[in-house]
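Data first, discussion second: the structure below is written as structure tokens.
None of the figures in this text is laboratory data; all of them are computed from the coordinates on show. Everything numeric in this text was worked out from a predicted model, so none of it was measured. Note: ideal-geometry Cβ built from the backbone for every residue, glycine included; neighbour counts use all protein chains shown.
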Amino acid sequence: MTLRPASASDLLIDGKLTPGSGGVFDVVNPATEEVIGQAADATAADMDAAITAARNAFDTTDWSRDHAFRAHCLRQLRDALLAHADEFRELTIAEVGCPSFLTHGPQFEGPVTDLGYFADLAESYEWSRDLGKAKPMGIKNHRELRSEAIGVVGAITPWNFPHQINFAKIGPALAAGCTVVLKPAPDTPWCAALVGKVVAEETDFPPGVLNVVTSTDHELGAQLSTDPRVDLVSFTGSTATGKKVMVAAAETLKKVFLELGGKSAFIVLDDADIGSACAMAAFNVVTHAGQGCAITTRLVVPREKLDEAIAATRDALAGLPAGDPTDSGTICGPVISARQRQRIESYIELAQQEGGTIEIGGGRPADKAAGFFVEPTLISGLDNSARVAQEEIFGPVLVIIAHDGDDDAIDIANDSPYGLSGMVYGTDEDRINKVVNGVRTGTMGINGGIWYSADVPFGGFKQSGIGREMGVAGFEEYLETKAVARPA
Ligand code: NAD
């Protein structure tokens, strides 16, 4: 099989590849602005059919109880996708605009390989636990806990790391025994549609276990949130939309998993090497043009070293220009769309209106006639109350903020509605630990440490979300607990 773009214009519903009732919509390459093909445009009726299929597959088959078969299907999917790695890599770079080097990690190979981790979990998980005997109300009973799949999962995903986020939901959900309806973002339909094609043509997944519904209509996400046949909604995207999902899901009291925005702080302590810390902060913020919720976008440095830090960060950003994502040396590609670029540019303008200084960047690269590129940008001269320090920009834009000691740095990091990630650079272990313990976030790196891995739960404190994705905790999001007792 060859994964040609034309073959991506199908939905996967009840095991069949079917056209969308709404026709097709264009897929645009963000690096060239060219239309590179079409994707199926599903309607509410298609979504209804997908939910029906997922419900039937859950209620009428042995999928949720056959742990070994699920592990087999997941490993089969992993191997089939890896066999198509070169085709997926090319299509992912064209559709997402992500730098090619990332397709060897979180933009394709990483999350696909991690399907094996969830297959292993399906087999090794302790599905029942003996609680032994007790005498509730004076009567001797033998108790046991059983874990069961929660049911039908609606997975709603964004465009920035489509494979990573799609597989971080469908991997554990399917391993847990759930059935899934995946609704990807309209900006990146192929990354999901082509997985649907491989599932239909090259694996033993039973019909209805995984359904893929691409659409331009955001309301299809809302449909998943409200439909009573869906038991859990797993959502990644903006905090504003996450709140709507939670409100919509309340009517049927379905469980929600939310992975939302971030404005994470990169804290540099006064005993750290400023040069290497600022180089890492610059690298982080330009990676995939800053389109990552866990990217550190506030650089918090000792006030007495502010000038040194600005110079070091500016130098580092100068060496990381926005470039062609197909080039293996590119770290900063384009942003996803003209709309996102406009949003980023309005934040850069706002920073200047609020009194900030653009130390480098701030515009569009002069050498790019087409593509949604933004120059890597450093903003100084503002404190943490500025809107560009409080709101998620989702572009290659770093705000540098001065701190007056370790406690002040922790306060600045925590002065945010978000709490997704963070980084601390320093040399004194006690001081580093105080920062790690003091910052209220779901993940934290020390001196460049990378926490991202299949077995590490990811998620946020505060308005960055609810629940954890990946790891055993991420798998257990998709389970219910049943307590069973019999007279002993
Ligand atoms: P979004 O939150 O609008 O969309 C994410 C997904 O939710 C898409 O699949 C979309 O179709 C769906 N959706 C939209 N409205 C919905 C609703 N009412 N109910 C259910 N689903 C709905 O995000 P976006 O438009 O892709 O990006 C906008 C902003 O979100 C970005 O600028 C960025 O700040 C943030 N973002 C965050 C992440 C993250 O991982 N935290 C990822 C991408 C974008």
Revision key, fill the gap. Here the relative contact order (percent) of the chain, from C-alpha pairs under 8 Å and at least 6 apart, is 18
Study note, to complete from the structure: Other residues with Cβ under 11 Å from the Cβ of Gly275 give, with Lys and Arg +1 and Asp and Glu -1, a net charge of -2
Review point. ³J(HN,Hα) across the stretch 23-36 via Karplus (A = 6.51, B = -1.76, C = 1.60, θ = phi - 60°), whole Hz, x for Gly/Pro?
Key: x, 10, 9, 6, 10, 10, 7, x, 8, 10, 6, 7, 6, 9
Check your understanding: ³J(HN,Hα) across the stretch 473-488 via Karplus (A = 6.51, B = -1.76, C = 1.60, θ = phi - 60°), whole Hz, x for Gly/Pro?
Key -> 4, x, 5, 6, 4, 9, 10, 10, 10, 10, 9, 10, 9, 9, x, 10
Practice item. Highest first, please rank the peptides 122-129, 308-315 by the mean number of other Cβ atoms sitting within 10 Å of their residues. Key: 308-315, 122-129
Point to revise | Straight-distance crosslink candidates among lysines, where the alpha carbon sits under 16 Å from Lys263 and sequence neighbours closer than 8 are dropped | key: Lys462
Exercise for review: Give me the distance between the Cα centres of the stretch 408-428 and the stretch 295-321, rounded to whole Å.
Suggested key: 16
Point to revise | Whole-number D in µm² s⁻¹ for the stretch 265-446, Kirkwood Cα-pair radius fed into Stokes-Einstein, 25 °C, 0.890 mPa s | key: 151
Review point. Along the three principal axes, how long is the chain when you take its alpha carbons, biggest first, rounded to the nearest angstrom?
Key: 70, 62, 39
Point to revise | DSSP-defined antiparallel bridges as percent of all bridges, the chain, nearest 5 | key: 45
Check your understanding: Across the stretch 383-389, in residue order, what do the Karplus-derived ³J(HN,Hα) couplings come to in whole Hz, using 6.51 cos²θ - 1.76 cosθ + 1.60 with θ = phi - 60° and x for Gly and Pro?
Key -> 9, 5, 7, 4, 4, 6, 8
